[in-house]
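Participant: Before I ask anything, here is the structure I am working with.
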Amino acid sequence: MSALQVWGGVPPENGPQALIDRYLEQHPDRKVTYTRFVNDDRGNLKVNTALQGGVDIDVYFTYDTSNLAMRAFSGLAADLGPLVRSTPELAPFLDTEEPKALIDGDTITALATTREPNLLLLNETVREEVGLDLPRAWDLEEYLAAVDALSGPDRYGTYKLPDLPRIELGPNYWYADGGGSNFEHPSFLHHFELTAHLIREGRIFPWSQVLARQIEAYQQNNFIGGDFAMWGTAPFSLRFLHDPEAYPHDFLTSCAPMPTVDGADWNSGVYGNYIQVSATSPKQELAQDFVAFWLLEGGADMAAGGKIPTLDTVDPDALLEALLGEDKDDYFDVDSFRRVLFEDDPKLLTDTDLTAVAEITQTYEQQRDVCWLLERTPQKAISTIAADADALITRFRED
């Protein structure tokens, strides 16, 4: 039997290999080969080209909505609906009120393997020096006051603001209910204006440095280096903070929830790390069996790489141990992470409208960059995004 070919963006040593080893223990007559791709533009292009070119891929992972839309709606993903409907333990993936899958009518082409709440990490040494209380809940005004307090002569308060429109509007926030885009909603302009203002004030990291030094992909280095004292990220980043050899540092890290915006409390985190089966795989039954194993039995293996499983298959204390490491008290304020990640039950989302999402993402990021480089006004940037998005949505829906 030829090996099942699985492509994913997580390094094998951070969970996938342990999961595969356990799968093979239960199925010694089978073979599985794991190919790691870097989850960036180049890596995803490699996956897309391989899928379209007939390379031997059976199971693969998708991490962003642009590639999810392209792979699902271009016929590159098999229908997992029969698997979900025939497996009682997978029934949560049929939920359309709080979706954890990409569902189009009766077709299901992607299943979320992780819950990825966003969280705010704080440098405890700096927090205590400035006398800031560790919040258990806070609104935007309180959060902004903390950014100001954490800023110093050689230190920014935070890396960048949370996605404030997401927190306020929740899923499908780029799309208006009546059709067209939603970028005329005042939350988008406010987000751009506030970010540009704080960059000018030296309270958040300059976007010019983010782009020039490619910091977006390596934010952990600057947090550990003390360049900013508060960092909005997801649980996968925690593995950097209990690795003293690769990332030495001498401060504890605590955890705070995302702020609320005008009373709205969407966490801005998502159900993600979608697992899919290639539509052209000749090993459909074997591939779908492996998908079910990953979802139902692989949670503990993947937690070591910062992945919280979508399904409640792992005890929260065991998850916390896996996320923070065996010597967790040496690196973290453990109680704050238990509270934010598990006790507070953060409100996650899944986008179900992916119309022209790749093209809208491109225009959004282009205008965001020139705005936060302080080369274009927030109003001009948002107006351009809104006009471009409206045209894209109209064209895609007409097609």
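The values are calculated or read from the model by the stated rules, or taken from the named source; none is laboratory data. Here the structure is a predicted model, which means the values were calculated and not measured. Cβ sites come from the backbone with ideal geometry, for glycine too, and all protein chains shown count toward neighbours. Heads up: the accessible areas ignore ligands, DNA and RNA and are worked out on the full protein's heavy atoms, side chains in. Shrake-Rupley method; radii C 1.70, N 1.55, O 1.52, S 1.80 Å.
Participant: What number of residues within region 345-368 satisfy the criterion of being under 30 Å from Gly325 (Cα atoms), of a type outside the set (S, T, N, Q) and surrounded by 16 or more Cβ atoms within 10 Å (Cβ to Cβ)?
Facilitator: Number satisfying all stated conditions: 4.
Participant: Checking Val340 against (1) crowded, with 20+ Cβ neighbours inside 10 Å; (2) farther than 25 Å from Asn14 by Cβ, only one condition comes out false. Which one?
Facilitator: Of the numbered conditions (1) crowded, with 20+ Cβ neighbours inside 10 Å; (2) farther than 25 Å from Asn14 by Cβ, the odd one out for Val340 is (2).
Participant: Is it the case that region 28-40 has a residue that's at pLDDT below 95 and among the hydrophobic types (A, V, I, L, M, F, W, C)?
Facilitator: The answer is yes; a qualifying residue exists.
Participant: Given the structure, is Pro235 surrounded by 21 or more Cβ atoms within 10 Å (Cβ to Cβ), of a type outside the set (S, T, N, Q) and in contact with a helix residue (DSSP H, G or I) (Cβ under 9 Å, 6 or more places away or on another chain)?
Facilitator: yes
Participant: List the pairs whose first member sits in region 37-53 and is farther than 15 Å from Ala72 by Cα, whose second member is open to solvent by 60 Å² or more (accessible area, probe 1.4 Å), and whose Cβ atoms are under 8 Å apart, counting only residues at least 6 apart or on separate chains?
Facilitator: Cβ pairs passing all conditions: Phe37/Lys46; Asp40/Ala217.
Participant: If you take the residues of region 125-153 that are of a type in the set (D, E, K, R) and touching a residue at least 24 places away in the same chain (Cβ under 8 Å), which of them is farthest from Glu216 (Cα to Cα)?
Facilitator: Taking the candidates together, the pick is Arg136.
Participant: Between a first residue in region 256-270 that is more than 17 Å from Glu141 (Cα to Cα) and a second residue that is open to solvent by 30 Å² or more (accessible area, probe 1.4 Å) and not in a strand (DSSP E or B), which pairs have beta carbons less than 6 Å apart while being 6 or more apart in sequence or on different chains?
Facilitator: Partner pairs satisfying both residue conditions: Ser268/Asn118; Ser268/Asp163; Gly269/Asn118.
Participant: Within region 389-397, can one find any residue that is open to solvent by 70 Å² or more (accessible area, probe 1.4 Å), touching a residue at least 24 places away in the same chain (Cβ under 8 Å) and of a type in the set (Phe, Trp, Tyr)?
Facilitator: Yes, there is a match, as at least one residue in region 389-397 is open to solvent by 70 Å² or more (accessible area, probe 1.4 Å), touching a residue at least 24 places away in the same chain (Cβ under 8 Å) and of a type in the set (Phe, Trp, Tyr).
Participant: Continuing with this model, one more query. Six or more apart or on different chains, Cβ under 6 Å: which pairs go from a residue in region 231-246 that's touching a residue at least 24 places away in the same chain (Cβ under 8 Å) and closer than 15 Å to Leu348 by Cβ to one that's assigned to a helix (DSSP H, G or I) and not acidic (Asp, Glu)? Could you list them?
Facilitator: Pro235/Leu323
Participant: Separate question: Considering only region 271-306, how many residues are without any contact (Cβ under 8 Å) to a residue 12 or more places away in the chain and of a type outside the set (D, E, K, R)?
Facilitator: Counting residues in region 271-306 that are without any contact (Cβ under 8 Å) to a residue 12 or more places away in the chain and of a type outside the set (D, E, K, R) gives 1.
Participant: Evaluate the following for Ala18: is it open to solvent by less than 50 Å² (accessible area, probe 1.4 Å), out of contact with any Leu (no Cβ under 8 Å at 6 or more places or on another chain) and farther than 20 Å from Ala78 by Cβ?
Facilitator: yes
Participant: Shifting gears a bit: I'm trying to understand the selection: among the residues of region 31-73, which are assigned to a loop (DSSP other than H, G, I, E, B), open to solvent by 60 Å² or more (accessible area, probe 1.4 Å) and touching a Leu at 6+ places or on another chain (Cβ under 9 Å)?
Facilitator: Lys31
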